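Just below is one structure, and these are the notes that go with it.
The values are calculated or read from the model by the stated rules, or taken from the named source; none is laboratory data. Values in this document were obtained by computation on a predicted structure and should not be read as measured data. Quick reminder, even Gly has a Cβ in these numbers, built from the backbone with ideal geometry, and neighbours come from all protein chains shown.
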Amino acid sequence: MDRGYFKDMLFSTNLLKLSFWVWPYFAMLVIGLMMPSDGNHGIMTPKSLSFLSCFGLMMFYTCFKLRVTIHQLRLICFALVFVCFLLIWMFIGHWQKNEWLESSFDQFKIFVITLATVMMTLNLVHEKLTTREKILKIIIYANCIYSTIKVMIVVLHLLGVVNMFKVLDLIGIRYMSMAMLQGNLSRLQTSVDIITPFLLLFVLQSDRLHLGLSKKFKWYYLIITAPAIFLSFSRFLYGVAVMSAVFYWFTLNVTGFVRVVILTISLVILGVAWVGIDKVQILIYERFFSYDNKMSDQVRVEQINALMAELDSFPLLGKGLGGYVEGLVRDGAIQYSYEVQWVAFLMQFGILGFILLLIPVLLIGYQLFLPPFNRVKMSFFGLFGIWLLSGFTNPFLISLTSGIVYSMFILAADILKSVDHSSRELA
């Protein structure tokens, strides 16, 4: 059979594109958003296998087409520059005589996974193998399923059907837990919970993003994610959820704003009445004023002090990729991991490397800040800023899930840019 005919059939048939080229990427999204981290960054894990299969297929697709577009060339060059940047700081760590090759290589992999997730997303959209809207919908659906499963597990735990802690320990999932109320109700937060409150704005603004979500699904998503976020018992996630709502209100007209505020206040009052004011007071105390809460804040203060003290010894270039403070290791399996991740990056990369590391992040924010200005774009710009602030409370700025989050904001910026462009053409 003629090779040209075979190539035309392979790359022009929508069914083949969806079933062969895109499904590993969608599978990676679903696994990355539904499977919490177990701290194992080895190759033989579902997350690693899904990522490698997707990445390998993208490489095969590019090579088989025997064509590299300007857009792909830019992505490749940017990726190569970023990888060289990481390798240089791995060498700096070795040059500083820091003996943590395994730690350095492990963090190198996570940085690469984060970057490659964004690159693959942009490449798939540019090659028209899928659309921005479909990717965002898959992300929302996967998170919705995860939230549903999480709430169901907690309900079964409260009913005495299963012991969720034994199940999670058996599976090997890492989770954070603390008592919320007297009885069986406990906090349950995993690494993938961080994305849920951010997605609230994407769902609320789904019409402006042209996602085509039905009203029934949007209501179900809001109803199921409310307890999922509540069970995370995280001050930061609570704050993000509130700010997502505030940013949405910011985009409404006066009538819509009044209606939504009245509805929100009514739901809050009903919720407090259903739970009971005494229990609400206990929850507020446990989350904001308890001894455990104060100790959690104290740990972060200790981390900042220790990391900044370490930076004083290596101010310009830092301690190197994968570096950590020997006297303050938060996780024996992931020694370089700290809740104040931005400060940890500053210690590892130094002032010079930290400035270079900020460039890709600033490029995403720049896309959301480009004129013409409107309230919708400003709401996503503000939410992206809050995502960056998460690096001072949680170690989730780099991971497969984090790469998906960065992709979300880039796709939202592209969609809103396309909408602005279409509006100007119609005008």
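Quick notes on this structure:
- From the options Leu73, Leu29, Leu80, residue that is at pLDDT 85 or above, crowded, with 17+ Cβ neighbours inside 10 Å, of a type outside the set (S, T, N, Q) and in a helix (DSSP H, G or I): Leu29
- A single member of Pro372, Pro395 is under 27 Å from Ser37 (Cβ atoms), touching a residue at least 40 places away in the same chain (Cβ under 8 Å) and either in a loop (DSSP other than H, G, I, E, B) or in contact with a Leu (Cβ under 6 Å, 6 or more places away or on another chain) (or both), and it is Pro395.
- Taken over segment 83-93, the criterion of being of a type in the set (Phe, Trp, Tyr) and surrounded by 16 or more Cβ atoms within 10 Å (Cβ to Cβ) is satisfied by Phe85, Trp89.
- Criterion applied to Leu122, Leu136 was being within 18 Å of the chain's Cα centre (by Cα), at pLDDT 95 or above, under 25 Å from Trp21 (Cα atoms) and not hydroxyl-bearing (Ser, Thr, Tyr), and the one residue passing it is Leu136.
- When the criteria are applied in full, Gly385 meets the requirement of being at pLDDT 90 or above, within 17 Å of the chain's Cα centre (by Cα) and in a helix (DSSP H, G or I).
- Of the residues making up segment 375-387, just one is without any contact (Cβ under 8 Å) to a residue 24 or more places away in the chain and either at positive phi or surrounded by 15 or more Cβ atoms within 10 Å (Cβ to Cβ) (or both), namely Phe381.
- Residue tally, condition under 18 Å from the mean Cα position of the chain (by Cα) and outside any helix (DSSP H, G or I), over segment 242-252: 0
- In segment 244-262, the residues that are under 16 Å from Gln205 (Cα atoms) reach residues that are polar (S, T, N, Q) and assigned to a helix (DSSP H, G or I) with C-beta atoms within less than 6 angstrom, at least six apart or across chains, in these pairs: Phe247/Ser379; Phe250/Ser379; Thr251/Ser379.
- Selection status of Gly56, within 24 Å of the chain's Cα centre (by Cα), at pLDDT below 80 and under 30 Å from Ile145 (Cβ atoms): no
- Residue match in segment 291-306 (condition: in a helix (DSSP H, G or I), more than 27 Å from the chain's Cα centre (by Cα) and more than 30 Å from Ile92 (Cα to Cα)): yes
Quick grid of which residues meet (1) of a type in the set (A, V, I, L, M); (2) without any contact (Cβ under 8 Å) to a residue 24 or more places away in the chain:
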{"residue": "Ile269", "(1), (2)": "yes, yes"}
{"residue": "Ala273", "(1), (2)": "yes, yes"}
{"residue": "Gly276", "(1), (2)": "no, yes"}
{"residue": "Ile282", "(1), (2)": "yes, no"}
{"residue": "Arg287", "(1), (2)": "no, no"}
{"residue": "Val299", "(1), (2)": "yes, no"}
{"residue": "Gln341", "(1), (2)": "no, no"}
{"residue": "Leu352", "(1), (2)": "yes, no"}
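- When segment 395-418 is filtered for residues that are among the small types (Gly, Ala, Ser) and surrounded by 21 or more Cβ atoms within 10 Å (Cβ to Cβ), the ones remaining, listed by number, are Ser399, Ser402, Gly403, Ser407, Ala412, Ala413.
- Selection status of Trp249, modelled with pLDDT of 90 or more, over 24 Å from Met152 (Cα atoms) and out of contact with any Pro (no Cβ under 9 Å at 6 or more places or on another chain): yes
- Residue ranges of helices (runs of 4 or more DSSP H) in segment 152-241 with at least 2 members among the hydrophobic types (A, V, I, L, M, F, W, C), at pLDDT 90 or above and crowded, with 19+ Cβ neighbours inside 10 Å: 196-204, 215-232
- Checked against the criterion of being touching a residue at least 60 places away in the same chain (Cβ under 8 Å) and either aromatic (Phe, Trp, Tyr) or surrounded by 14 or more Cβ atoms within 10 Å (Cβ to Cβ) (or both), the candidates Thr131, Thr117 yield just one match: Thr117.
- Condition check for Tyr146: part of a helix (DSSP H, G or I) and surrounded by fewer than 20 Cβ atoms within 10 Å (Cβ to Cβ): no
- Test: residue in segment 160-183 that is more than 24 Å from Ser337 (Cβ to Cβ) and under 22 Å from the mean Cα position of the chain (by Cα): no
- Single match in Ala306, Ala344, Ala333 (criterion: of a type in the set (A, V, I, L, M) and surrounded by fewer than 17 Cβ atoms within 10 Å (Cβ to Cβ)): Ala333
- Restricting the first member to segment 313-337 and to residues that are over 19 Å from Phe108 (Cβ atoms) and acidic (Asp, Glu), and the second to residues that are exposed (fewer than 12 other Cβ atoms within 10 Å of the Cβ) and at pLDDT 85 or above, no beta-carbon pair is closer than 9 Å while six or more apart or on different chains.
- Verdict on Gly353 being surrounded by 21 or more Cβ atoms within 10 Å (Cβ to Cβ) and at positive phi: no
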